[in-house]
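The values are calculated or read from the model by the stated rules, or taken from the named source; none is laboratory data. Small disclaimer: the values here were computed from a predicted structure and weren't measured. Ideal geometry is used to build each Cβ from the backbone, glycine not excepted, and the neighbour counts take in all protein chains shown. Side chains are part of the model used for accessible areas, which takes the heavy atoms of the whole protein and leaves out ligands, DNA and RNA. Shrake-Rupley method; radii C 1.70, N 1.55, O 1.52, S 1.80 Å.
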Amino acid sequence: MKLISYNIQYGYGSDGRYDLSRAARLVDGADIIALQEVERHWLRTNEDDQPEILSRLLTGYYWAYGPAFDMDASDKREGRVVNRRRQFGTMVLSKLPILWSRLHALPMHRTLRPLNTRNAALECMIRTPAGPVRVLSLHLAHIAAEERLEQIDYLLAEHRRAPSDGGPWSGADDEPQRNWSNSQAEPENPQAAIWLGDFNMEPGSAEYRRIVGSTPYHRGAAYIDGFVDAAAVAREPGPDFHTHEKILDGRLAKRRLDHCFVGGMLAGRVRSVTADVGEVASDHFPLRIDIDLEAPGIGPSLAGR
């Protein structure tokens with residue numbers, strides 16, 4: 001299956017032009033798409049409802065949107081309140097149904113300067129042919145490693161207790177006349193997970209090591225409740241592999257800030273990881289992952305419930 005992670009910078013390209021359709025064209029066709037910096041009702045983007053626009057541009061996808069923050073953008077027309085929310089967050093689109101989703105508001109440090117904003121991770125449970133998988137589209141803090149480390153610790157704790165927590169509901173319905181389960185089976189909350197997003201960190205950093213651990217003798221070692229960098233177990237990316245370019249201290253910095261981390265039981269299924277270096281639809285480049293989520297094999301003992 002083809003996965004893509006892309007920070008679309010709310011449709012603003014590196015050429016300074018706002019065009020959401022350019023980003024949509026780049027991701028169209030993938031099986032699972034994780035987007036970051038998707039917004040609703042901002043003046044800078046014509047007050048567009050970007051999740052709705054993207055859903056029209058990318059037909060044939062189920063989707064979920066998770067706002068990291070939500071502000072009033074309402075007005076009054078002819079004495080009637082027109083309720084609107086100004087939002088900024090992450091999105092997941094999938095050719096397979098998104099059986100449930102939830103939003104994680106990540107820890108944040110209040111700043112005096114520069115501007116800091118709330119970050120979030122949108123978690124979506126998708127039942128693939130290989131088994132159920134929790135797919136997260138996330139965006140970590142851009143200012144300091146300390147803030148990112150707290151956010152990662154939060155997400156790791158949520159990940160490790162997922163099977164014991166259960167999904168949206170669990171247990172036998174003791175009020176069947178109210179049909180709390182909507183006549184459906186208990187939803188899975190599997191151990192198997194894939195994290196996609198803009199992590200604002202580079203390989204080898206303290207935040208990166210917090211996710212994959214320090215395994216100097218076993219490159220790509222995979223713990224059942226841990227994560228592996230998909231790029232570390234895929235066919236070797238080219239020497240110019242990066243996902244972001246920016247002028248820093250007068251020089252062009254090429255950095256890999258966008259990542260895909262797969263749960264240990266999925267590490268052997270990664271085939272390739274590449275980036276669309278040079279695309280101008282955002283200040284980031286799309287990150288593409290080819291992973292086998294079609295061959296059965298994530299059994300109940302690994303998937304959990």
Rank L93, L252 by accessible area, highest first, at a 1.4 Å probe radius? L252, L93
If exposed means GluC sites (Glu not before Pro) lying in a DSSP loop and surrounded by at most 12 other beta carbons within 10 Å, then the longest stretch of the chain lacking such sites spans residues 79-293
Under a Gaussian network model of the chain whose springs join Cα atoms within less than 10 Å, the largest fluctuation of S214, S137, S94 belongs to S214
So what's Rg/Rh here for the range 70-199, counting alpha carbon atoms and using the Kirkwood radius for Rh? 1.06
Count the net charge of all other residues whose Cβ sits under 10 Å from the Cβ of E37, scoring Lys and Arg as +1 and Asp and Glu as -1. -3
Per DSSP helix of 4 or more residues, -39500 (n - 2.57); summed, then divided by the residues of the chain. What does that give at 222 nm, rounded to the nearest 500? -4500 deg cm²/dmol
Mean-square fluctuation check for the chain, GNM, Cα pairs under 10 Å: which of A281, A23, A295 is largest? A295
Ignoring ligands, DNA and RNA, what accessible area per residue does the chain give at 1.4 Å, in Å²? 48 Å²
Give me the Debye-computed log₁₀ of I(q)/I(0) at q = 0.13, 0.16 Å⁻¹ for the chain, equal point scatterers on Cα only, no solvent, two decimals. -0.95, -1.42
If the only charges are +1 at each Lys and Arg Cβ and -1 at each Asp and Glu Cβ, what is the size of the charge dipole of the chain around the Cα centre, to the nearest 20 debye? 220 debye
Under 12 Å from the Cα of K254, which aspartates and glutamates turn up, not counting those fewer than eight places away in the same chain? E202, D240, E245, D283
Quick one: Cα centre-to-centre distance for the range 264-281 and the range 111-134, in angstrom? 18 Å
Ignoring ligands and nucleic acids, what accessible area does H284 show with a 1.4 Å probe (Å², nearest 10)? 10 Å²
Using only the Cα atoms, what convex hull volume per residue in Å³ does the range 55-146 have? 155 Å³
Considering the range 218-282, what Rg and Dmax in Å follow from its alpha-carbon atoms? 14.1, 43
At a probe size of 1.4 Å, how large is the accessible area of R127, to the nearest 10 Å²? 120 Å²
Among N46, A30, A64, the residue whose Cα sits farthest towards the positive end of the charge dipole of the range 1-83, when +1 is placed on the Cβ of each Lys and Arg and -1 on the Cβ of each Asp and Glu, is A30
Could you tell me how far the Cα centroid of the range 1-34 sits from the Cα centroid of the range 60-81, in Å? 21 Å
Whole-percent carbon and sulfur share, accessible surface of the chain, 1.4 Å: 49 percent
To the nearest 10 Å², what's T59's accessible area with a 1.4 Å probe? 100 Å²
